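One structure below.
Read-outs: derived from the displayed coordinates by stated rules, not from any lab. If you're wondering where the values come from, they're calculated on a predicted model, not measured in any experiment. Cβ sites come from the backbone with ideal geometry, for glycine too, and all protein chains shown count toward neighbours.
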Amino acid sequence: MTNSELKNLLDSLSLEDKIGQLVQLTGECFAGGEIQTGPAEELGIPEDMVQRTGSILNVTGAEKLKGVQKRYLEQNPSGIPMLFMADVINGFKTVFPIPLGQGCSFDPGLVEEAAAVSARESSAAGLHVTFSPMVDLVRDARWGRVMESTGEDVCLNGVMGAAMVRGYQGKSLSEPGTIAACVKHFAAYGAPEAGREYNMVDLSEKRLREEYLQPYHAAAAEAGAALVMTSFNTVNGVPATGNRWLLDEILRKEWNYKGVVISDYSAIAELIVHGVVADGREASRLALECGVDIDMVTDMYAGHLQDMVESGVISEELLDASVMRVLELKNELGLFENPYRFADESKEKELGHCQAHRETARKLAEESCVLLENDGILPLKKEGQKIALIGPAADSAEICGSWSLFWNSADVTTLRTGMEEKTQLSACVKGCDLLDAEPVYIGFRGQELRGRKDQSDLIAEAVEAAKKADVVVMTLGESPQQSGEGAARAFLDLPECQKKLFDAVYEVNSRIAVLVFSGRPLDLRYIVNRAAALMLVWQPGTEGGAALANLLFGDAVPSGKLSMSVPYCVGQVPVYYARYNTGRPAKKGTRNRFLSAYQDIPNEPLYPFGYGKSYTEFSYGKPVADRGEVGTGETVTVVSEVQNTGMTAGTEVVQCYVQDLVSSTSRPVRELKAFARVFLRPGEKKQVAFTLDEKDFSFLRADKTWGPERGRFRVFVGGDSNAEQETEIYYCG
């Protein structure tokens, strides 16, 4: 439709039709042969409003969704097609590593392709919108949803979020195989107090603008995500879903964002519980006035907007603005020309977990794993070595992460399968349950998660297998259901049953390569000094077993770098590299109670952001700038020579950090500004260049304006956030 045709359509709608476009319900309301009203009745939504509902979530399948759309259009007075939305977070039928793992790849091109794969598969299944990417900055591993972010860094999150948006949306949403991206959660959802889900967030405006808002801007305002989702938390004491400053002043006016804003699940109703409004009527008014276009699964808009418009409490023009944004999205998706869009049963079957998509998943899983330690035990030998595979994830298909909703377990290549394609294992045993009997965790669907009280029989079997092996590959970590939404944890160490398994095996065979499956950084002190090799593999997805086998046997070389620091212990969190000096900084190893340091643990994380080993070694030359001074509108190029000094070809993630030495406000000790993946053969050298401009020196100055200040900057280039090679430049603009 043209803009004038959309305007005519809007003008033709009844008030009830308009409100319906802003209501989202679950697929339960539309299952079966006719529209069902059971769940909607529980919300207090009448049947005639259900028949006007603008969108539903988490129903998939081309045949099913075409049927829902057909029945809906037959009963809908306006004839406007519905939007179908779902949580396609790290894959659809083909599942990729969790986003935190994808961040470790430092490969935005491959992450973009993975998002494009997800779009192709899910659009063929009838979906129009995915609630991804989540670009919340995460620095507290207690929070369960760190698994859904690409990490702790402003630059990395922005680059990866924008890459995902491009992958999902393509060049145009009218292209076949695309879906609309929804950036979430706006804003600062990744900094909840105590790492507890849904908890309050309290940040200064300086910190909010310099760090937390930047990735949303990159993904929504710059990359052009079609939707933005509000967050559950408060910002400056005001819940985000009813925050005019955040949604209207910043998102709409400062950033000129034109897309759809959708609430998170029931977030408009939760304004009442937050205590900023007295009832649903006021909650609806506040959310609409702030620019929230779609109410996700409550009766707020459905139950209150009509009366408020008719009584003049809110203007119909305000309502029309939100309705038009929803209609424009449907128009961009081509739904008015084809309500069934790209839903295609044969395509759905053809594309779902096809070989090409599996190859992309395998490659991304290989790049996402981070080798932390290796005494030479890896890579393993395919011949002449007895290898015992031990641990609860040794032959498990549950390696896709808690937000993977649409995959088939039969499609998963387990670690055992992947390794047995390379060599014959001397044994494969479970060794222990994934969890202890206590505490009891609650899974994503409300189920209880616990292990048996007595697991001695499994441990004994593992000991016998280890005695007969030259090398043990051991899988440890957490259940996929221990991370994700609602999965905050106060303790991050391994379960006692896994510690007992490790101890028992170590007694008879110390040659242990540990693979840690998890959705968050864990406290690894119990094993770090005894494991012969240690690799974080996250939840690697449907091709995880194939990718891990390639890494273990050297058919792929580890290149992943940590997207989130691994804490020394939970007492450090939140812990991150871009810290502030304070007036009394403590140098590493210093013990002085009058400096900013712990008395009983180090300040430094166990492993810092950007860290990761390979099967080879890399060295760096001193970076050289092409100019000593840079002014307004100018750029400076910093070049560093990187050499592979080992005997194996490999890829190094070269990282460029900047430190502002003197400014009107305190600044982080360093900030990532650019990175590059560089492949080097043994002995090979390459010049790696990074071009910095005015934005790389900018921040929220003391006078509340944004921009750079005259002064000296250090530029570091190296293989992690502790890079030592540096040069200095002067910004004179």
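Rounded to two decimal places and with Rh computed the Kirkwood way over Cα pairs, what is Rg over Rh for the range 618-731?
On the way: Rg = 15.2 Å, Rh = 14.8 Å.
Ratio value, two decimals: 1.03.
In whole Å, what three semi-axes, largest first, describe the equivalent ellipsoid of the range 390-489 built from its Cα gyration tensor (square root of 5 times each eigenvalue)?
Working: eigenvalues 135, 72, 16 Å².
Working through the eigenvalues yields semi-axes of 26, 19, 9 Å.
About the Cα centre of the chain, what is the dipole size in debye to 20, counting +1 per Lys and Arg Cβ and -1 per Asp and Glu Cβ, all else neutral?
Values: 75 positive and 102 negative charges, 498 e Å.
Here the chain has a charge dipole of around 2400 debye.
Can you tell me the 0 to 90 degree angle between the C-alpha axis of helix 300-310 and the longest principal axis of the chain, rounded to 10?
With rounding to tens, the tilt is 30 degrees.
Taking the Cα centre of each part, how many Å lie between the range 680-694 and the range 356-392?
What the calculation gives is 27 Å, centre to centre.
Given a cut-off of 32 Å, what percent of all Cα-Cα pairs of the chain lie beyond it?
Numbers: 145087 of 268278 pairs.
More than 32 Å apart: 54 percent of the Cα pairs in the chain.
Can you give the percent of C-alpha pairs in the range 531-633 whose distance is more than 22 Å?
Values: 2887 of 5253 pairs.
In whole percent, the long-distance tail amounts to 55.
Specify the angular offset, from 0 to 90 degrees and rounded to the nearest 10, of the alpha carbon long axis of helix 280-290 from the longest principal axis of the alpha carbons in the chain.
Its long axis makes an angle of about 70 degrees.
Run through the DSSP bridge list for the range 123-247 and note the antiparallel percent, rounded to the nearest 5.
That works out to approximately 25 percent antiparallel.
Given Cα pairs under 8 Å that are at least 6 residues apart, what percent is the relative contact order of the chain? Working shown, then result.
Numbers: 1813 pairs, mean separation 98.1, N = 733.
Dividing the mean separation by the residue count of the chain yields 13 percent.
Based solely on its DSSP helices, what 222 nm [θ] is calculated for the chain when runs of n ≥ 4 H residues each add -39,500 (n - 2.57) and the sum is averaged over all residues, nearest 500 deg cm²/dmol? Numbers along the way, then the final one.
Working: 20 runs with 194 residues, N = 733.
Estimated from H runs of four or more residues: -7500 deg cm²/dmol.
Would you give the gap between the C-alpha center of the range 73-128 and the C-alpha center of the range 562-609, rounded to a whole Å?
Using only Cα atoms to place each centre, the spacing works out to 38 Å.
Starting with the highest mean, order 113-125, 370-382 by the number of other Cβ atoms within 10 Å, averaged over the residues of each peptide. Write down the numbers at each step before the final one.
Working: 113-125: 26.8, 370-382: 18.0.
Highest-to-lowest ranking by the protection proxy: 113-125, 370-382.
Averaged over every viewing direction, what's the projected area of the C-alpha convex hull for the range 157-297? Give it in nm², one decimal, please. Don't skip to the answer; put the middle values down first.
Values: hull surface 34.0 nm².
With the hull built on Cα positions only, its mean projection is 8.5 nm².
Calculate how steeply helix 154-169 sits against the longest principal axis of the alpha-carbon atoms of the chain, using the helix alpha-carbon long axis, and give the answer as 0 to 90 degrees to the nearest 10.
Result, in degrees: 60.
Contact order normalised by length for the range 96-159, with contacts defined as Cα pairs under 8 Å and 6 or more residues apart; what percent is it?
Numbers: 52 pairs, mean separation 29.1, N = 64.
It comes to 45 percent, rounded to a whole number.
Place the peptides 219-230, 56-67, 440-451 in order of packing, highest mean first, counting for every residue the other Cβ atoms within 10 Å and averaging per peptide. Each step should come with its number before you reach the end.
Details: 219-230: 24.0, 56-67: 19.0, 440-451: 12.7.
Descending mean neighbour count gives 219-230, 56-67, 440-451.
Quick one: of the DSSP bridges fully inside the chain, what percent are antiparallel, nearest 5? Don't skip to the answer; put the middle values down first.
Numbers: 48 of 89 bridges.
Approximately 55 percent, going by the DSSP bridge assignments.
Could you pull out the pairs from Lys468/Lys499; Lys206/Lys258; Lys7/Lys184; Lys430/Lys561; Lys253/Lys704 whose alpha carbons sit more than 19 Å apart here?
Working: Lys468/Lys499 21 Å; Lys206/Lys258 25 Å; Lys7/Lys184 29 Å; Lys430/Lys561 29 Å; Lys253/Lys704 17 Å.
Violating the 19 Å Cα-Cα cut-off are Lys468/Lys499; Lys206/Lys258; Lys7/Lys184; Lys430/Lys561.
Give me Rg/Rg_expected for the range 228-377, where Rg uses Cα atoms only and Rg_expected = 2.2 N^0.38 Å with N residues.
On the way: Rg = 21.5 Å, N = 150, 2.2 N^0.38 = 14.8 Å.
Scaled against compact globular proteins, the figure is 1.45.
Just to compare against my own numbers: the Cα pair-distance distribution for the range 366-572, 10 Å bins, whole % per bin, please.
9, 37, 40, 14, 1
What is the range 603-676's relative contact order, in percent, from Cα pairs under 8 angstrom and six or more apart in sequence? Let's see the in-between values first.
Numbers: 82 pairs, mean separation 19.3, N = 74.
Rounded, it is 26 percent for the range 603-676.
Among bridges DSSP assigns within the range 618-731, what percent are antiparallel (round to 5)? Mind dumping the intermediate values first?
Values: 36 of 38 bridges.
Around 95 percent antiparallel, to the nearest 5.
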